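The values are calculated or read from the model by the stated rules, or taken from the named source; none is laboratory data. Since the model is a prediction, treat every value here as computed from it, not as a measurement. Glycine also receives a Cβ, built like all others from the backbone with ideal geometry; neighbour counts cover every protein chain displayed. Protein only, heavy atoms only, side chains kept; ligands, DNA and RNA dropped before computing areas. Shrake-Rupley method; radii C 1.70, N 1.55, O 1.52, S 1.80 Å.
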Amino acid sequence: MALIVQKYGGTSVGSAERIKNVARRIARCQSEGHEVVVVVSAMSGETNRLIALAKEIQAHPDPRELDVMISTGEQVTIALLSMALLDLGLKARSYTGSQVRILTDSAYTKARILKIDEEKLRRDLKDGYIIVVAGFQGEDENGNITTLGRGGSDTTGVALAAALKADECQIYTDVDGVYTTDPRIVPEARRLNTITFEEMLEMASLGSKVLQIRSVEFAGKYRVKLRVLSSFEEAGTGTLITFEEDDKMEQATISGIAFNRDEAKITILGVPDRPGIAYQILGPVGDANIDIDMIVQNVGHDGLTDFSFTVHRNDYANALEILKPVAAHINAREVQGGDKIAKVSIVGVGMRSHAGIASTAFRTLAEEGINIQMISTSEIKISVVIDEKYMELAVRVLHKAFGLDQQP
Ligand code: ADP
Ligand code: ASP
Ligand code: MG
């Protein structure tokens, strides 16, 4: 007998029929002799609908109230799924994040899980219940409802698996595993049987929304066995996230291509080229809790240089406002920016042992006339910032250039 945590995403619970289907799947798992804890997302589109509604009332919704509101989507699905399980004659019980007591910090809309009280869940499991927990939500130490950031139900699933020391955490979604890139953009993308944690972390952080990055971090930290599978297919082993690189030896140098349209670029032109300037520019941005991603500083001329960096698009307007007085203070010439950019990244642990990956990538983009605005690299990834309108083209040609296309 194994203890399995199954997480079902929004599309998988998107209608009454689909919820019943999920219930049958859970029933099968239990009938095979396993204990099952289930985490569900809100029905597809629901979280977006709630956020849009909030914005009709307040252009920038109060974060505490927004969390009170958007956490309701998951509360609906846990109850519906429990009903479906009860209807199959099974013992089932639903819990919101607060009812479990998933304790988080107080960073509304992007809270981090600090602790999970798993005693009650263990008792229920012993009594033969299937437990259905609301994903994406928790409460802070003062009992305020918090949410974990978009895609946060993945993290609830993995965190519960870690707390319960589950044998496996299965993430059921609308694709049958992790692909070499988003199969919606590149139909030739291939499913990977395995991907290493390191690569999955990079893919998630660089924009592959199949797993929320924090869920991968959790799984790595607590060594949770994590698998991505389709909720629409009966068979299939999906993609296992592995700790070993051994079985990667035979595989391609590049595992996947990620992309992200959520960033904006800010450039400060004519910055005096002297010590402390980067700190003077980025310090106030960091103080406003705005994360900075890529940074490029050009070689200076005549004591002046240009300084560019990217932030999340949601923080773009705010970052520009903060920088205008800063630029004036340091006697920079001008602040420019744009949010019509995209970041495309190639990821693979094989990069460590292979030269020429960057030049292949740059040549491939050059042949399509795609201009690279910024570059950043690490041991296992190369990212470029390009004009947003070339994003899909760039992903497709890179996918092909690195031999990732499925053979017809
Ligand atoms: P869920 O609602 O189940 O959490 P998501 O929409 O959050 O589902 O994540 C699944 C989606 O992630 C897929 O439909 C796919 O379009 C997208 N995706 C992006 N990159 C990848 C990738 N490399 N492999 C598989 N899916 C990906
Ligand atoms: N419902 C939340 C969202 O849409 C959480 C999730 O689906 O994982 O982001
Ligand atoms: Mg998701």
Exclusive hit being under 24 Å from residue 70 (Cβ atoms), away from ligand 2 (no atom under 15 Å from the Cβ) and not polar (S, T, N, Q), set 217, 168, 234: 217
From the options 27, 54, 23, 42, residue that is at pLDDT 95 or above, in contact with a Pro (Cβ under 9 Å, 6 or more places away or on another chain) and either open to solvent by less than 30 Å² (accessible area, probe 1.4 Å) or of a type in the set (Ser, Thr, Tyr) (or both): 54
Residue within the stretch 176-191 that is of a type in the set (Ser, Thr, Tyr), in a strand (DSSP E or B) and under 23 Å from residue 345 (Cα atoms) present: yes
Breaking point among (1) out of contact with any Lys or Arg (no Cβ under 8 Å at 6 or more places or on another chain); (2) surrounded by 14 or more Cβ atoms within 10 Å (Cβ to Cβ); (3) not acidic (Asp, Glu), for residue 345: (1)
Residue list for the stretch 323-340, restricted to those being free of Cβ contacts under 8 Å to residues at least 60 places away in the same chain and buried (at least 19 other Cβ atoms within 10 Å of the Cβ): 323, 327
Per-region count, the stretch 191-208, residues within 12 Å of ligand 1 (Cβ to nearest atom), on the phi < 0 side of the Ramachandran plot and small (Gly, Ala, Ser): 2
Residue satisfying all of: in the stretch 127-160; open to solvent by 10 Å² or more (accessible area, probe 1.4 Å), of a type in the set (D, E, K, R) and away from ligand 1 (no atom under 13 Å from the Cβ); nearest to residue 28 (Cα to Cα) among these: 127
Residue in the stretch 98-106 that is open to solvent by less than 20 Å² (accessible area, probe 1.4 Å) and either in contact with a Phe, Trp or Tyr (Cβ under 7 Å, 6 or more places away or on another chain) or within 16 Å of ligand 1 (Cβ to nearest atom) (or both) present: no
Identity of the residue in the stretch 202-214, part of a helix (DSSP H, G or I) and within 17 Å of residue 148 (Cβ to Cβ), that ends up farthest from ligand 2 (Cβ to nearest atom): 205
Strands (runs of 3 or more DSSP E) within the stretch 317-383 that include 3 or more residues over 21 Å from residue 400 (Cα atoms) and at pLDDT 90 or above: 334-338, 374-378
For residue 28: the one exception among (1) within 16 Å of ligand 2 (Cβ to nearest atom); (2) not in a loop (DSSP other than H, G, I, E, B): (1)
Residue count for the stretch 178-190, restricted to those that are within 9 Å of ligand 1 (Cβ to nearest atom), touching a residue at least 12 places away in the same chain (Cβ under 8 Å) and surrounded by fewer than 20 Cβ atoms within 10 Å (Cβ to Cβ): 2
Unique match (being assigned to a loop (DSSP other than H, G, I, E, B) and away from ligand 1 (no atom under 14 Å from the Cβ)) among 52, 59, 23: 59
Checking residue 175 against (1) open to solvent by less than 20 Å² (accessible area, probe 1.4 Å); (2) within 16 Å of ligand 2 (Cβ to nearest atom), the condition it does not meet: (1)
Candidates 310, 305 - the one that is farther than 30 Å from residue 392 by Cβ, hydroxyl-bearing (Ser, Thr, Tyr) and open to solvent by less than 10 Å² (accessible area, probe 1.4 Å): 305
Any hit, the stretch 211-220, residues being open to solvent by 20 Å² or more (accessible area, probe 1.4 Å), closer than 20 Å to residue 350 by Cβ, without any contact (Cβ under 8 Å) to a residue 40 or more places away in the chain and away from ligand 3 (no atom under 15 Å from the Cβ): yes
Sole exception among (1) touching a residue at least 12 places away in the same chain (Cβ under 8 Å); (2) crowded, with 17+ Cβ neighbours inside 10 Å for residue 91, by number: (2)
Lone qualifier among 173, 237, 180 - being away from ligand 3 (no atom under 15 Å from the Cβ) and touching a Gly at 6+ places or on another chain (Cβ under 6 Å): 180
